[in-house]
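Take a look at the structure set out below.
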Amino acid sequence: MSSTSTYRPLASRHRPDRISVYIGAQYNDLPRDAALRLLVELSEALNVTLPAQQRFHAWAAGLRMLPTVDDVAERFSVSRATAYRWLTAERRERRKAAP
């Protein structure tokens, strides 16, 4: 999604039986990258792992230092919030595995 775009789809689980989705006050046509970002955020809210997340973890496992949020967002075409969650989960796993 371009930096000039004002449309930023968001999805998250706030209660066990509900997924909150912000799609704006009117009907919007999503470009492909925005639709993919929405798909990723919905999959996280539904606790479904997508191939992009698996590719991220495989890629990050081969890195000595974790990349920046912006690097992950750009490389995997996800929102900054999603990139942050992925990096947080990767950091947590590394801490668990550390002696």
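Miscellaneous remarks
- Solvent exposure, largest accessible area first (probe 1.4 Å, DNA, RNA and ligands not counted), of Arg37, Arg85: Arg85, Arg37
- Ordered by 1.4 Å accessible area with all protein chains kept, Leu36, Leu46, Leu87, Leu66 run largest first as Leu46, Leu36, Leu66, Leu87.
- 3J(HN,Hα) from dihedral phi, segment 75-85, Karplus parametrisation 6.51/-1.76/1.60, rounded to Hz, x for glycine, proline: 5, 10, 6, 10, 5, 4, 4, 5, 4, 5, 4
- Most to least accessible of Phe76, Phe56 (protein chains only, probe 1.4 Å): Phe76, Phe56
The values are calculated or read from the model by the stated rules, or taken from the named source; none is laboratory data. Just so we're clear, the structure is a prediction, and the values are computed from it rather than from any experiment. These accessible areas exclude ligands, DNA and RNA; they are computed on the full protein's heavy atoms, side chains included. Shrake-Rupley method; radii C 1.70, N 1.55, O 1.52, S 1.80 Å.
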